[in-house]
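Please read the structure below before turning to the comments.
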Amino acid sequence: MAVSKRLRYEILRRDNHTCRYCGATAPDVPLRVDHVTPVALGGSDEPSNLVTACQDCNSGKTSSTVDSATVADVADDALRWAAAMKQAAEKLREQETPKLEYRDAFLAEWNRWHVGKDETKKVPLPNDWKQAMDRFRVAGIPTWMWADIVDISMANEKVKPENTFRYCCGIAWNKVTELQAEARRIVGAQPTTEPVAPPSSALVAAVVEAWREEAGEDIAAEQETQMASSVIDAMTDELEPEEILKAARYAAWFGSSAINDGLSHVEADKRAVEAMRWEHAWHSSCGTYPSEEETAAFEQFRDALLNAGVSEQLRATAAAVAGYSLSCVPHFGIRSEALKAAGINGKRQTAEDYWARAFAGTAARWPTTEERRKFNAQLDRLTDDGGYLIFDANAAAVAAGAAQEADLYWNIPRQLSALFAASKPVLPGGEN
């Protein structure tokens, strides 16, 4: 800030109205107040850094210099300032490095894709994409997650290239919501009060406005009316405001003005994420991607779990575990009632997983489809025969897998089963 008139007067009075550089005094020469250490070098407006100087000395027109002690002080101040500036620049560079690396990680994933068959035509990015990435970094999206997010965005051919980045950001914000929900679950945070739902009219207006902003183009009056009507219908169906808002954004990205259309695209994206996690886990486990037949089998079981009411988080976890085990049947961590509703025998799949992992542990490869078929045939035979407990079946599966065999019978000692049977009381008539 500028030196005040009051402070100028005090400096002139302190220096006896005498130029500290050449000794000239008023009224013989015009006097000014000069900074010993220039402001450009970090000098302050404190009295200790201000001196009286005649007009010529202040403008550098004379060869007069301040006394040697002051010159030494100024030199030391300049050196200290230069060192401080260098240190500050290095600190800023260190602070900028993670941000730049984060942007580069996103850009590398984005540039893997192109428009249509022309590999030289990249999908456009808006001018503010860097600022968007900075916000996502602060929001907690890890760099590794951008591979999935970008793949989902680019793979959806219904989204116009100019809207792809918006669509990508929408998926990323959904991920932020998921991360926050998981973080709250981990720390056991509970809301202190129930959230207050906004008035109906306010919610409709907010959703329509968000939809208009995401659409990024002129909206006809009848489209806006249709969107408002669909929001009211969604509220009647008791959908949560957050879910309605998300559906509205999806509707905008896909050129629709109906909440139900947006909801269908939201669900399609969720299923796509599960399939991608399953495929990536599969590839990480064996180095190749599943076949079309295997993918179709997985999607059938995934949709069955969805229809059985299994949550998105549980489905995604089960999908990843199934992929790592080269299995098409996601079941890990899902309650038996839900698995049964989806037509999945959880105990049977657990036995197969034990066998496959033991097989891979000794053979340094996962069993082939044909080897799995033979194992399941033996498991069917064992199930039909009965007379064993699941503990015996799992133990036999591990032993058979370690021996790289499909036959379970040679390793069914039925020790636990026999013990269990012996512990049952003998009923009248000799029946157990």
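The values are calculated or read from the model by the stated rules, or taken from the named source; none is laboratory data. The shown structure was predicted, so the numbers you read here are calculated from the model rather than taken from an experiment. Counting neighbours? That spans all protein chains shown, and the Cβs are built from the backbone with ideal geometry, glycine included.
Numbers at a glance
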item: Cβ pairs under 6 Å, 6+ apart, first in the stretch 1-26 and of a type in the set (F, W, Y), second outside any loop (DSSP other than H, G, I, E, B) and buried (at least 17 other Cβ atoms within 10 Å of the Cβ); result: Y21/A53; Y21/C57
item: Meets criteria (outside the structural domain of I11 (by TED's automatic domain parsing), modelled with pLDDT of 70 or more and at negative phi) for Q55; result: no
item: Identity of the residue in the stretch 344-398, acidic (D, E) and crowded, with 16+ Cβ neighbours inside 10 Å, that ends up modelled with the lowest pLDDT; result: D392
item: Residues of the stretch 340-368 that turn out to be in a helix (DSSP H, G or I) and either touching a residue at least 24 places away in the same chain (Cβ under 8 Å) or small (G, A, S) (or both), as a count; result: 18
item: Residues being surrounded by 13 or more Cβ atoms within 10 Å (Cβ to Cβ) and of a type in the set (G, A, S) - total across the stretch 2-43; result: 4
item: Hey, F332 in contact with a Phe, Trp or Tyr (Cβ under 9 Å, 6 or more places away or on another chain) and either basic (K, R) or at pLDDT 85 or above (or both) or not; result: no
item: Residue in the stretch 261-282 that is assigned to a loop (DSSP other than H, G, I, E, B), exposed (fewer than 15 other Cβ atoms within 10 Å of the Cβ) and either touching a His at 6+ places or on another chain (Cβ under 7 Å) or not small (G, A, S) (or both) present; result: no
item: Residue that is surrounded by the fewest Cβ atoms within 10 Å (Cβ to Cβ), among those in the stretch 283-294 that are within 25 Å of the chain's Cα centre (by Cα) and in a helix (DSSP H, G or I); result: S284
item: Only one of A308, A258, A252, A318 that is buried (at least 17 other Cβ atoms within 10 Å of the Cβ), of a type in the set (G, A, S) and touching a residue at least 40 places away in the same chain (Cβ under 8 Å); result: A252
item: Count - residues of the stretch 160-181 that are under 21 Å from R271 (Cβ atoms) and either acidic (D, E) or touching a Cys at 6+ places or on another chain (Cβ under 9 Å) (or both); result: 1
item: Yes/no for A202 being of a type in the set (A, V, I, L, M, F, W, C), surrounded by fewer than 16 Cβ atoms within 10 Å (Cβ to Cβ) and at pLDDT below 75; result: yes
item: Members of the stretch 12-34 that are at pLDDT 85 or above and within 60 Å of the chain's Cα centre (by Cα); result: R32, V33
item: Verdict on R184 being over 30 Å from S256 (Cβ atoms) and of a type in the set (K, R); result: yes
item: Among (1) within 16 Å of H331 (Cα to Cα); (2) without any contact (Cβ under 8 Å) to a residue 40 or more places away in the chain; (3) assigned to a helix (DSSP H, G or I), the one test that L245 misses; result: (1)
item: Filter result for E240 (surrounded by fewer than 23 Cβ atoms within 10 Å (Cβ to Cβ) and under 28 Å from V204 (Cα atoms)); result: yes
item: The stretch 10-43, subset hydroxyl-bearing (S, T, Y) and touching a strand residue (DSSP E or B) at 6+ places or on another chain (Cβ under 9 Å), residue nearest to D56 (Cα to Cα); result: Y21
item: Yes/no for T37 being in contact with a Gly (Cβ under 6 Å, 6 or more places away or on another chain) and modelled with pLDDT under 80; result: yes
